[in-house]
Amino acid sequence: MGITTDEEHIDTPHMEGELPPTPPETVVDGEERKENEDSKDLTLFPLPPTSNPPTSVLEVDKKTPDAHVPRDPRLIRLTGVHPFNVEAPLSALYNEGFLTTPELFYVRNHGPVPLVEDEDIPTWEFTVEGLVENPITISLKELIEDYEQLTAPITLVCAGNRRKEQNVVRKTKGFSWGAAGVSTALWTGCLMSEVIRRAKPIRRARYVCMEGADKLPNGYYGTSVKLNWVMDPNRGIMLAHKMNGEMLRPDHGKPLRAVIPGQIGGRSVKWLKKLILTDQPSDNWYHIYDNRVLPTMVSPEESASNPSWWKDDRYAIYGLSTNSAIAYPAHEEQLCIVGAPQKYRVKGYAYGGDGRRVTRVEVSIDKGKTWRLSNIDYAEDRYREGYEQNLYGGSLDVPWRESSFCWCFWAIDIPVEELKGAKDILVRAMDESMNIQPRDLYWSVLGMMNNPWYRITISHENDYLRFEHPTQPALIPGGWMERVKKSGGNLMNGYWGERIDGVEPEAPVEEQVTEVKMTKDDVNQVITIDELRKHDTEESPWFVVNGEVYDGTAFLNGHPGGAQSIISAAGLDSTDEFMAIHSETAKAMMPAYHVGSLDEASRRVLSEGEVQQDPSNEPRPVFLNSRNWTKAILHSKTNVSWDTRIFSFKLEHDEQSLGLPTGQHLMIRLRDPVTREAIIRSYTPISETTRKGYADVLVKIYFDTKEREGGKMTKAMDALPIGHFIDFKGPIGKFEYLGRGVCAINAVKRSVKRLIMICGGSGITPIFQVLRAVMQDKEDPTTCVVLNGNRLVEDILCKEDLDVFARDNVDRCKLLYTLTKGPEDWTGLRGRIGAPLLKEHCIKGAEGDTMVLICGPEALEKSVHSALNEQGWPDSDLLFF
Ligand code: MTE
């Protein structure tokens, strides 16, 4: 499509140019410049990229406890709708540069976001208590007025960053982060040590425990760090109330949070209410049962049955491990090697832990036999190189400090000739203490601190090199790890599941994973769909996994993902989501909630004939099935205009074709996020019918207005998070264009010389498919007249492509646009599509040589129908999509 878009997945190859890479950078300006104007030494350092704070609450969030939090729809949801755990698409994150906008900054919420009204911010209070001589309560207003304010760039990283790689090897107890669980911001606030000093810790105090305001199934979120660290100015531990110069957004701890540089994000408590000094580490449930790397041999069952593993502080994690990832080439990026520039720039990010600087980043294209040194850009240094100055109401607290608390960006140019001969690209970082990323993944029950060499594979397809990242976040399929695992490779054999030339692979290590039993032996009850539906309620939600019925009522309060996710599954078959998200431990808990088995007929009804996987597990060559619903995943959304999007769906595998004949439609089935009722509509994708692996659907969103309620389906689609499944069925439709003037109407063939296509608004999509088929076949003698009606110029969908068809096929394609609200300089037709326009442009030719294809809103179709009949067109020549 030749449409100008806000791409979410930018697949642009990054070609050679000047090194080192230059992240978006700004000279300090505006207010800051005034403060600096006496100085000649104007410091250059990156300021945050332009932020577009989301203003409306997404439909998906409206029925959750976070119904007060506006969010950016580009974020990939990792744990279903709620609680909100998200990362940005990796390319989008990297493209923002050194600093991340708050709307794309990763979020890790264990539960609901506390609601704090703006007017209550100044009076937000927190306490400093425990082993102190002088317990105090401080309001945010006092914190800002009475304590020295500082601003510093700090990278936060979730300990689960890159966990999906572990989950592909063997499911951990954690959900699947990709490599974008990391973000950087300028934080403003005061040093935590200042408030603690005023409370006067007594000698016995060793730890600072923190507690947030978010009430969770196991108490308030809390954790601890050592008091010594807090008091060390080099560690820069802060209480922050601003992020990139603006008040903290709700998801990031509004109005106050801790920011613990160099340590896993889990220590940076949001919505901070308490600092408690103790002589022992925190006894908060989340401190004990989260953020640990247990020894690799501790299985999920062992960790569940023997709590002493969790209480051993040697396994608690604080400082981050050295890590790096490749951003470009992006996942599934393709590099055309015909006429390609000589070099390709491979680039990405790296970070170290506890303030340790990344001192080298190395890249290998021969499986680690040899390495090349990449350039590193430490944007953090540009803050360091300057002098003390004010930024966002805090003095810039970097110049004196030696530690490195931010990620760095690395880049290396590799000759394309050499990439052609390579099978993969590997990257590893080393810090100043020579801590280097390991080759092999260290699997552990929580899947945290995953930091093996980041590897992307290269496959050669005709004139292209295709790059594949190890995984995709959340349930999004794809990545070489999944592919290798599916084809029987042992990912833990030391060679990424592959054979290295000339080296005998080690004997494959059998994965010791046994299927977890999720049913109770003495439960024999057979449950019908009617009984199940009686429990489609918030009070007693029953749901189905693998045909077995579970009563989630008793677990509503205890569910780590919150009650909402159980309620959302009530009355439904949630096998896919359940199996993908839950750990072996969670599965082992299921017998306690097992109430019976769904009878055979009900299973069929529930899944409405969901396509049964072929028992041979052969991949299906064609996606659509006209009797059964099949699932595809929302891969990306591209904004074509403020109300129109291209939804790109990933089919079951890269070689699969959609299976939609030209001129036919498919049905899409969604659940209304609020009422959960199923909504079904038909659409015609705009992607080429021959495209494999994906289907693109152009949708105009009908938003609510003051006058009328918007479109249920289009609003629900707009609210869909990337990575979620949608159901498809088809093809449907009585018309098919077979090519070279041959049409089939209800399978009866008919030849035409001319097609007149009349459409309005998004009615263009089936017309577009047929027109493209005619125009792309230079031997097709059929002529086409397109009469396309819209309100405004910007409402005309696919205009660029339509114009190209008309321009390149002057003899075969006459393209007419008519606008009801055309601008003054509009040279096309004006007015609605009605009798006068049709009389002029829809002229009858010889008997039977023309068909008129019509698609648009009901009113348009009706008026066109009667006008054409009046003009003598028989119904047999008219086709309403
Ligand atoms: N603080 C509270 N009160 N509740 C939480 O759920 N999550 C922690 C930490 N602080 C959490 C919290 C985790 S695990 C991480 S990684 C960071 O917040 C994430 O910060 P962010 O959401 O602002 O990126």
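Values quoted throughout were computed directly from the atomic coordinates according to the rules given, and no laboratory measurement underlies them. All figures in this text were calculated on a predicted structure; none of them were measured in a lab. As a convention, Cβ positions derive from the backbone with ideal geometry for all residues, glycine included, and neighbour counts pool all protein chains shown.
For this structure, a couple of remarks:
- Rounded if a/c under 1.5, otherwise prolate or oblate - segment 192-284, Cα gyration tensor axes: oblate
- Amide H contacts for Val785 (H built 1.01 Å from N in the peptide plane; partners 5 or more residues away or on another chain; cut-off under 5 Å): Leu755, Ile756, Met757, Lys814.
- Across segment 732-881 the C-alpha pair distances fall into 10 Å bins from zero in the proportions 11, 44, 37, 8, 0 percent.
- Here the Karplus curve 6.51 cos²θ - 1.76 cosθ + 1.60, taken at θ = phi - 60°, turns the phi angles of segment 646-651 into couplings of 9, 9, 9, 9, 8, 6 Hz, with x standing for Gly and Pro.
- Backbone amide hydrogens, once placed in the peptide plane, bring Tyr454 within less than 5 Å of Val427, excluding anything fewer than 5 places away on its chain.
- Relative to its Kirkwood radius, the Cα radius of gyration of the chain gives an Rg/Rh of 0.99.
- The GluC sites (Glu not before Pro) of segment 100-209 that meet both conditions, a loop assignment by DSSP and at most 12 other Cβ atoms within 10 Å of the site Cβ, are Glu117, Glu133, Glu148.
- Rounded to two decimals, the Cα radius of gyration of segment 99-252 over 2.2 N^0.38 Å is 1.15.
- Of the GluC sites (Glu not before Pro) in segment 773-881, those whose Cβ has at most 11 other Cβ within 10 Å and which sit in DSSP loop: Glu779, Glu824, Glu847
- For segment 336-353, Karplus couplings with θ = phi - 60° (6.51, -1.76, 1.60), whole Hz, Gly/Pro x: 7, 8, 7, x, 6, x, 5, 10, 10, 8, 8, 8, x, 10, 8, 8, x, x
- Applying the Karplus relation 6.51 cos²θ - 1.76 cosθ + 1.60 with θ = phi - 60° to segment 464-470 yields 3J(HN,Hα) values of 10, 9, 10, 9, 10, 6, x Hz, where x marks Gly and Pro.
- Least to most buried among Thr100, Thr585 (fewest other Cβ within 10 Å first): Thr585, Thr100
- Whether segment 217-348 is rounded, prolate or oblate, judged on the alpha carbon gyration tensor where a/c under 1.5 counts as rounded: oblate
- For segment 391-468, the alpha carbon convex hull comes to 208 Å³ per residue, rounded to a whole number.
- Computed from label points 7 Å out along Cα-Cβ, the spacing between Asp381 and Ile680 is 6.2 nm.
- Selection of chymotrypsin sites (Phe, Trp or Tyr not before Pro), segment 306-414, meeting DSSP coil and at most 13 other Cβ within 10 Å: Tyr387, Trp400
- Label zone of Arg807 (point 7 Å out along Cα→Cβ, amide N under 18 Å): in segment 760-783 this covers 772, 775-776.
- In the chain, the calculated helix contribution to ellipticity at 222 nm averages -4500 deg cm²/dmol per residue, counting -39,500 (n - 2.57) for every DSSP H run with n ≥ 4.
- Relative intensity, log₁₀ I(q)/I(0), of segment 615-743 from a Debye sum that treats every alpha carbon as a point, q = 0.14, 0.16, 0.18 Å⁻¹: -0.65, -0.83, -1.02
- Neighbour-count order for Cys759, Cys408, Cys209, Cys336, fewest beta carbons within 10 angstrom listed first: Cys336, Cys209, Cys408, Cys759
- Segment 306-389 shape via C-alpha gyration tensor axes, a/c threshold 1.5: oblate
- For the chain, no complete DSSP H run has alpha carbons reaching 15 Å or more along its own long axis together with a mean Kyte-Doolittle score of 1.6 or higher.
- Close amide H partners of Arg671, meaning residues 5 or more places away or on another chain with modelled amide H under 5 Å apart, are Ile679.
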